[in-house]
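Trainee: Structure provided below as structure tokens; questions to follow.
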Amino acid sequence: MTVRVRFAPSPTGYLHIGAARSALFNWLYARKSGGKFLLRIEDTDLQRSTDESTRSIIDGLEWLGLDYDEDLVFQSDNAPKHVAAANRLLEEGKAYRDFTPKEQRADNVVKQEVAERARAQSLEGVDQRSNPYRDLPKEESDRRAAAGEPFAVRLKVPAQGQTKFDDIVYGPQERDHSEIEDLVLLRSGGHPLYNLSVVIDDIEMGITHVIRGQDHLTNTHKQILIYEALGAEVPRFAHLPLILAPNKGKLSKRKHGEVVSLTTYRDRGFVPAAFRNFLALLGWAPPDGKEIFSKEELVQAFSLEGIGRANAIFNFHENDPRRWTDDKALWMNAEYIRTMPLEQLMPMVKAELRANKLWREEYDDDDRDWLLKTIDMIRQRFFTLKDFSEQGRAYFSEDFDFEESAVNKNLRKEPRMRELLSGLADRLEAVEPFNADTSEAALRAFAEEAGVKAGLLINGSRTMLTGQAVGPSMFEIFDVLGRDASVQRLRSGVPFN
RNA sequence: GGCGCAUUGGUGUAGUCGGUUAACACGCUGCCCUCUCAAGGCAGAGAUCACGGGUUCGAGUCCCGUAUGCGCUGCCA
């Protein structure tokens with residue numbers, strides 16, 4: 001049997017990182033087992049679904065490198081099949097029409113209301129099979145329907161027994177039928193509801209393994225009931241632990257903002273492979289404790305058995321811009337940026353520079369070697385791709401900013417600094433050839449003659465040339481920037497004004 | 001309220017059939033390197049394995065209970 005799995009997001013907003021991880025795990029399992037990874041957009045909630053959201057889901061998957069097989073499926077296209085299935089169950093007496101007038105609920109208070117009603121019911125000991133229409137004679141039901149009376153269609157859950165399944169992650173699960181209400185399959189407008197739709201679509205698509213968030217663990221029993229009523233084969237289930245906010249609460253856009261959106265990571269300079277790698281490690285661990293994985297290695301190492309059961313906390317710091325997302329994610333990204341093959345990094349750097357008008361066409365031919373050398377030098381201390389155009393700006397443009405603290409520390413403290421640097425510029429101008437070694441020799445000699453520590457000139461030069469107090473070795477900067485730019489920047493009085 | 005699931009240092013995780021000082025990574029501290037900052041190397045702080053019982057010669061590992069968190073309990077998905 002070939003494995004067929006799917007990622008089935010509802011297009012009601014950005015792609016949540018938790019959803020992205022579900023997609024990843026499904027994809028990994030499919031690739032690992034030589035199966036198919038399918039994508040289905042669950043747009044049955046037409047009010048809330050948007051094309052834009054669908055677009056962002058597809059973009060997000062592409063960014064993460066998760067390619068899907070076969071055609072994209074829109075759940076709404078299958079609505080007729082869902083209705084047909086419900087009608088079949090109705091015909092077979094496995095479902096019934098509920099003529100109870102529909103209750104209107106405001107979406108924002110529904111959680112609370114539902115919980116309260118459930119509490120009240122459990123206190124009163126309400127029987128889940130007590131719906132008066134459950135055993136309405138077929139003739140009467142047909143007659144009332146034909147007369148145009150509105151009704152919902154509910155599944156006739158057996159009064160006795162229980163549903164069981166063996167979750168690949170959470171182990172054996174069972175639930176008594178008495179705890180499950182006769183769930184609604186079709187609402188009174190005739191629209192199919194989630195639990196029906198997923199099941200029909202999963203059957204239709206030949207899904208063999210359902211890998212999804214743990215929030216569906218208890219829903220699974222209802223869905224199994226539908227599979228059974230339909231006489232369909234029940235797939236295997238693997239539920240994933242949830243990703244929680246630092247306060248152990250639900251990670252939501254409303255509360256936590258952009259950190260939960262996958263596109264944020266793309267827009268803020270993450271390398272897709274790095275984020276994918278980070279996501280894989282949230283709730284899953286390989287047997288050998290390895291942490292850095294290429295896509296292929298990840299596929300190779302992945303197994304459903306390695307998935308943990310406890311929810312994971314996504315540990316970001318809301319009020320600290322430097323730690324705006326999980327430390328480990330940031331570290332992982334930096335690790336990728338400084339160690340990945342340069343050829344793979346370059347297209348991303350090019351896009352970043354281009355977006356900030358720092359790209360020059362010569363970088364593709366005449367200055368290619370210079371660019372590679374420069375990128376290789378500065379990438380060592382960068383955390384995101386953004387750094388190439390921000391912290392790295394001085395390497396690509398004469399128009400860069402001086403950090404106030406750097407200027408104070410490295411330039412203003414020494415009153416003679418301006419003349420010293422100007423003197424250094426004179427020396428560098430005479431150096432032949434001009435490179436890291438010769439510029440170092442020249443600077444050290446000049447420092448000795450002037451009676452100052454080399455470090456003073458080195459740090460001063462760094463700030464003059466890059467606007468910053470930190471960065472690569474000064475002599476490598478001289479080498480990369482070249483004689484002309486170096487000398488010119490040393491003489492510019494800009495930061496002193 | 002009911003039902004379900006979970007609980008190992010700040011975070012992510014490892015801990016096989018129960019067996020000496022609970023492991024790794026991120027983060028944190030210090031030292032080395034050094035022109036700065038990283039990286040790298042070294043050292044270190046931080047966990048009575050949620051709590052309470054029990055089984056056992058011995059429990060993070062098995063059993064029961066409690067607490068806490070999360071999920072479900074909807075004509076939302």
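The values are calculated or read from the model by the stated rules, or taken from the named source; none is laboratory data. Model, not experiment: these values are computed from the prediction. Don't worry about glycine lacking a Cβ; one is built from the backbone with ideal geometry, like all the others, and counts go over all protein chains shown. We work out accessible area using only protein heavy atoms, side chains counted, and drop any ligands, DNA or RNA first. Shrake-Rupley method; radii C 1.70, N 1.55, O 1.52, S 1.80 Å.
Trainee: Using a probe of 1.4 angstrom, how much of the accessible area of chain A is carbon and sulfur, in percent?
Mentor: On the way: 11750 of 24350 Å².
Result for chain A: 48 percent of the exposed heavy-atom area is carbon or sulfur.
Trainee: Follow-up. On C-alpha positions alone, give me the angle between the axis of helix A:368-378 and the longest principal axis of chain A, in degrees, nearest 10.
Mentor: Value to nearest ten degrees: 80.
Trainee: Which angle between 0 and 90 degrees, to the nearest 10, do you get for helix A:51-64 versus the longest principal axis of chain A when only C-alpha atoms count?
Mentor: 60
Trainee: Using only the Cα atoms, work out Rg/Rh for chain A, with Rh taken as the Kirkwood radius, to two decimals.
Mentor: That ratio equals 1.15.
Trainee: Here's a follow-up. Less than 23 Å apart at the alpha-carbon level, and either on another chain or at least 8 residues along: which lysines does that give for A:Lys255?
Mentor: Cα-Cα hits under 23 Å: A:Lys111, A:Lys328.
Trainee: So, one more: Which Rg and Dmax, in Å, describe the Cα atoms of region A:404-496?
Mentor: Using the Cα atoms of region A:404-496, the pair Rg, Dmax is 11.6, 34 Å.
Trainee: Still on this model: Can you give me the Cα centroid spacing of region A:177-254 and region A:15-40 in angstrom?
Mentor: The two parts, judged by their Cα centres, are 17 Å apart.
Trainee: While we're here: Given only helices, namely DSSP H runs of n ≥ 4 each adding -39500 (n - 2.57), what is the per-residue ellipticity at 222 nm of chain A, to the nearest 500 deg cm²/dmol?
Mentor: Calculated mean residue ellipticity at 222 nm is -13500 deg cm²/dmol.
Trainee: Students often check this: by mean Cβ neighbours within 10 Å, which of A:195-201, A:210-216, A:245-251, A:482-488 ranks highest, and how do the rest follow?
Mentor: Per-residue mean Cβ counts within 10 Å order the peptides as A:195-201, A:210-216, A:482-488, A:245-251.
Trainee: Further, regarding this structure: Excluding residues on the same chain fewer than 8 positions from A:Lys81, give the lysines whose Cα lies under 20 Å from its Cα.
Mentor: A:Lys94, A:Lys156, A:Lys222
Trainee: For region A:1-86, how big is the tail of P(r) above 19 Å, as a whole percent of Cα pairs?
Mentor: Pairs farther apart than 19 Å: 39 percent.
Trainee: How would you order A:400-413, A:52-65 from highest to lowest mean count of nearby Cβ atoms within 10 Å?
Mentor: A:52-65, A:400-413
Trainee: Report the local net charge at A:Leu46: Lys and Arg +1, Asp and Glu -1, summed over other residues whose C-beta lies under 14 Å from its C-beta.
Mentor: Here the count lands on -3.
Trainee: Report the net charge of residues surrounding A:Asp376, where surrounding means a beta-carbon distance below 13 angstrom and charges are Lys +1, Arg +1, Asp -1, Glu -1.
Mentor: Around A:Asp376, the surrounding residues sum to +1.
Trainee: Can you give the local net charge around A:Gly269? Use residues other than it whose beta-carbon is closer than 13 angstrom to its beta-carbon, Lys and Arg +1, Asp and Glu -1. Provide the component values of the computation, followed by the final result.
Mentor: Values: positive: A:Arg266, A:Arg268, A:Arg379, A:Lys386; negative: A:Asp267, A:Glu352, A:Asp387, A:Glu390.
Neighbour charge sum, excluding A:Gly269 itself: 0.
Trainee: On C-alpha positions alone, give me the angle between the axis of helix A:417-430 and the longest principal axis of chain A, in degrees, nearest 10.
Mentor: Rounded to the nearest ten degrees, it is 80.
Trainee: What do you get for Rg/Rh of region A:176-252 when both radii come from the Cα atoms and Rh is the Kirkwood radius?
Mentor: Ratio of gyration radius to Kirkwood radius: 1.03.
Trainee: In whole percent, what relative contact order does chain A give with Cα contacts below 8 Å and a gap of six or more residues?
Mentor: 12
Trainee: Provide the packing ranking of A:119-127, A:41-49, i.e. peptides ordered by the mean count of other C-beta atoms within 10 Å per residue, highest first.
Mentor: A:41-49, A:119-127
Trainee: Straight-line reach only, C-alpha to C-alpha below 19 angstrom: list the lysines that A:Lys409 could link to, leaving out same-chain residues fewer than 8 apart.
Mentor: Counting by Cα, and skipping residues close in sequence, A:Lys409 has these lysines nearby: A:Lys453.
Trainee: Just to be sure I understand: of the beta bridges DSSP finds with both ends in chain A, what percent are antiparallel, rounded to 5?
Mentor: 55
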